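Data block below; observations after.
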Amino acid sequence: MNFDLLSAKIIFLFVLSILFSRISSDQGQQVPVQQQPPPDNVNANFDANKPHSDSQRLAQKPDCRLDIDKYCKKNIAQLGPGEVLSDMDTLECLQDAGYSENEVLQPQCAQAVWEYKVELTQDKRFIGALQQFCTVDINQNHRLKACTQDLRPGYALSCMMEHVHEIDQGSRCFQFLLRVEKVAFSDFALIAPFVEHCAAIIKQLGCGQLTKPSLHQNVRVPHSQGSTLECLISNIVNVQKDPTKEQIINGMSEECRKEVRRIAELQSDDFHLDRPLFFACRHDREANYFFK
């Protein structure tokens with residue numbers, strides 16, 4: 001078998017192994033033979049204490065049933081007898097709709113997809129995978145090596161994405177990151193504090209959304225949370241028009257308010273800092289403002 005093809009299959013199966021490990025052992029779902037992950041040590045379950053974590057597969061989410069039937073028709077039609085729609089296929093077809101300028105996911109499904117991507121991005125096994133697929137590149141590049149030393153969930157993967165342009169495009173490492181980038185939040189190092197401090201209120205308000213490409217126009221530092229941020233700000237500004245949400249908004253933590261302000265600056269047309277300078281000055285700047 002061609003080496004490049006073999007590497008691509010190994011990478012694909014690894015990503016699948018992470019997705020399928022979220023299936024609860026008592027659900028009795030059978031993974032199609034051709035999609036079973038390789039028998040290695042990457043099949044550990046997600047941390048049960050992880051925010052928003054549950055054992056239900058994305059493909060079985062009741063909140064996404066209508067959207068799956070609508071946007072995943074092609075994938076469903078290709079299933080053989082006894083096969084079930086994989087979470088990988090489900091995520092990718094729902095993402096295609098979520099990022100499309102002409103399609104819209106149901107709010108509950110958009111929230112489920114957002115939460116699923118956060119969990120996937122933070123999967124701790126990606127650090128081991130980076131060591132597995134990117135050993136040569138890491139040993140040759142001190143910036144990549146520094147990325148793998150950040151053990152915070154999601155940060156190492158995001159850091160590697162920041163330096164992907166330094167990696168040989170013909171390498172297994174590049175192919176692995178290219179595959180993962182399609183299903184994870186690749187800018188997690190940038191948006192992690194926002195996600196971590198605002199996850200609860202994002203879920204309460206149903207603001208978890210995928211950001212359509214058009215929203216990146218005129219944004220100084222494009223990021224993945226544009227639509228989620230706009231939803232939060234809209235709820236804050238219009239809270240008096242919807243008393244049912246007033247208690248939720250009033251309960252927003254100071255940390256979340258600060259992160260809303262920080263991410264909002266990234267979207268501002270008059271935000272003149274580039275990404276490296278933004279990171280370098282972030283802590284000094286955050287100490288000097290407060291989001292009201």
Gained length - L151 relative to E83, 0.36 nm times residue gap less alpha-carbon distance
20.8 nm
Using θ = phi - 60° and the Karplus relation 6.51 cos²θ - 1.76 cosθ + 1.60, list the HN-Hα couplings for segment 202-208 in order, rounded to whole Hz, with x at every Gly or Pro.
4, 5, 4, 8, x, 9, x
Cross-link pairs beyond the 27 Å C-alpha cut-off, checked among K61/K203; K124/K203; K74/K212; K117/K212; K203/K241; K61/K258
K61/K258
Pop out the ³J(HN,Hα) list for segment 129-140 in order, Karplus 6.51 cos²θ - 1.76 cosθ + 1.60 with θ = phi - 60°, rounded to Hz; leave Gly and Pro as x.
5, 4, 5, 6, 8, 10, 3, 4, 5, 5, 5, 9
Computed over segment 61-186, Cα set: Rg, Dmax in Å
16.8, 49
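Quick note: the coordinates plus some simple rules give every number you see, no bench work behind them. Predicted model, so just to flag it, every value in this text is computed and none were measured.
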